Each structure stands twice: as C-alpha cells, then as structure tokens.
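So the structure is just underneath, and the comments pick up after that.
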Amino acid sequence: MATGEGILLTMPFAHESELHFAELLDFYGVRWEYEPVEFVLEWNEDNTPAAAFRPDFYLPDHGCFIELTTLSQKLVTRKNAKVRRLRELHPEVEVKLLYQRDYLALLGKYGFSRPSSPAA
C-alpha cells in the first residue's frame, strides 16, 4: 500500500492514467491510498482465492474506492462484473467506476494532457 503526498515518482502505477489521477488528487489535497485492499470475489473448493478485485484508489476521508477503466471494452466489461460481485458480497463498500470518457473529461477540465501525449 502506498499513499499520496510526494511519492508519485516511485509508485509502480499499472497505467499512466493512475499517475495522472493521483497527481490530480494530490493537487487538490485529497488523501489517497493506492490499491490498499484486495477483495476476494470467488473461492476454490480448497478455500483459496479464485478471483479477486483490487480497486485502484481508496479515499479515506470519503470512505470510497475509485476504479479507473480507461482500457478496452472487454476489460471494462470484466471490471463491471467484478464491481457488481463486490457489491453483492460487500454492500457496505462504496466503489465508483471512472470510465475513459469520465477520465478524459477530468483531464480536460483540470488542464492535464491526455495519456501518452505531449503536454499542450
């Protein structure tokens, strides 16, 4: 688990969009944790995890998880299924999905460049 506040350069983000989102959270002083919890969604017969979901960010001051979905539709469909299963198993856990269109709108609104593109 890692938290914000100046450690962005050493964070092993899975995607550039996560880095940009963390920068946005830091800029606005929103405390965050990167992938702090893994939720087991399915178990094998021997009680070992068969499927799990680790949301990208946890916002402790807001009590919610954020999952960015900026990749292919196939992956988005899978993430939607995982979020539905998480909500079935843990209705008390708040998780919000940010789709690619939402993410790009945030970048534009707050003056960030698109991922993998030169700064404007």
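Structure above, values below:
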item: Checking Arg85 against (1) closer than 20 Å to Glu42 by Cβ; (2) in contact (Cβ under 8 Å) with a residue 40 or more places away in the chain; (3) assigned to a strand (DSSP E or B), the condition it does not meet; result: (3)
item: Qualifying residues in the range 35-71 (those that are surrounded by 12 or more Cβ atoms within 10 Å (Cβ to Cβ) and β-branched (Val, Ile, Thr)) - the one farthest from Glu88 (Cα to Cα); result: Thr70
item: Boolean, Arg101 is part of a helix (DSSP H, G or I) and modelled with pLDDT under 85; result: yes
item: Lone unmet requirement of (1) surrounded by 12 or more Cβ atoms within 10 Å (Cβ to Cβ); (2) closer than 29 Å to Ala105 by Cβ for Lys74; result: (1)
item: Pairs, first touching a residue at least 60 places away in the same chain (Cβ under 8 Å) in the range 21-50, second surrounded by 11 or more Cβ atoms within 10 Å (Cβ to Cβ) and part of a loop (DSSP other than H, G, I, E, B), C-beta under 8 Å, six or more apart; result: Phe21/Asp56; Glu23/Phe112; Leu24/Tyr110; Leu24/Phe112; Phe27/Tyr110
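The values are calculated or read from the model by the stated rules, or taken from the named source; none is laboratory data. Here the structure is a predicted model, which means the values were calculated and not measured. Cβ coordinates were reconstructed from backbone atoms using ideal geometry, including for glycine residues, and neighbour counts include every protein chain displayed.
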